Amino acid sequence: MSEDTTVETGEGAQAAAAQAQDTRPDEIDWKAKSRDWERKAKANADAAKRLAEIEEANKSEADKAAERLAKAEQTARDAEARALRREVALEHKLSKDDAALLDSITDEDAMRRLAERLGQQAEGRKKQGNHVPREGTSPTSGESDEREFARSLFAAGD
């Protein structure tokens, strides 16, 4: 029996492993593929970074100045719009929450109409509050004589 069993070493073992792999062709080594794609992604990221640096270095001074000018103009437009919204909010005495509603509107006429409407609603809410027309002016009654008596009684003990 020992004659029938053979020990495979070296090339024989590799051949057996290759034959075992050949019997399962539909299995894929996903870990190896994952590592391969990760390596490629890192290489692409490095290349993209280098490309951005090269493009930045190749920009002329005029291009850089034009970009700075465009950014400054946009900042100025944003500041003017913000100032206009605050001006309209103050003009119509809007609360902070109501003034925040104006931030999404770009048309000045629409902004003013909304602010006017919100201001009118705010005035209506203020008028609907609790109001007592004769507060503090209650007529005097016979109670005041009793109070004077009580005061004189306790004041005499001092």
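Tabulated data
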item	result
Looking only at region 136-158, and only at residues there that are among the polar types (S, T, N, Q) and not in a loop (DSSP other than H, G, I, E, B), the one that is modelled with the highest pLDDT	S152
Residue in region 2-10 that is surrounded by 10 or more Cβ atoms within 10 Å (Cβ to Cβ) and modelled with pLDDT under 90 present	yes
Residue within region 34-56 that is over 34 Å from the mean Cα position of the chain (by Cα) and modelled with pLDDT under 90 present	no
Enumeration of residues in region 83-109 that are of a type in the set (K, R) and exposed (fewer than 12 other Cβ atoms within 10 Å of the Cβ)	K96
Matching residues, region 67-82, being modelled with pLDDT of 90 or more and either in contact with a Pro (Cβ under 9 Å, 6 or more places away or on another chain) or of a type in the set (A, V, I, L, M, F, W, C) (or both)	L69, A70, A72, A76, A79
Members of region 48-69 that are surrounded by 10 or more Cβ atoms within 10 Å (Cβ to Cβ) and part of a loop (DSSP other than H, G, I, E, B)	K59
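The values are calculated or read from the model by the stated rules, or taken from the named source; none is laboratory data. Keep in mind that this is a model prediction, so the values were computed, not measured. Using ideal geometry, Cβ is built from the backbone for each residue, glycine included, and neighbour counts are taken over all protein chains shown.
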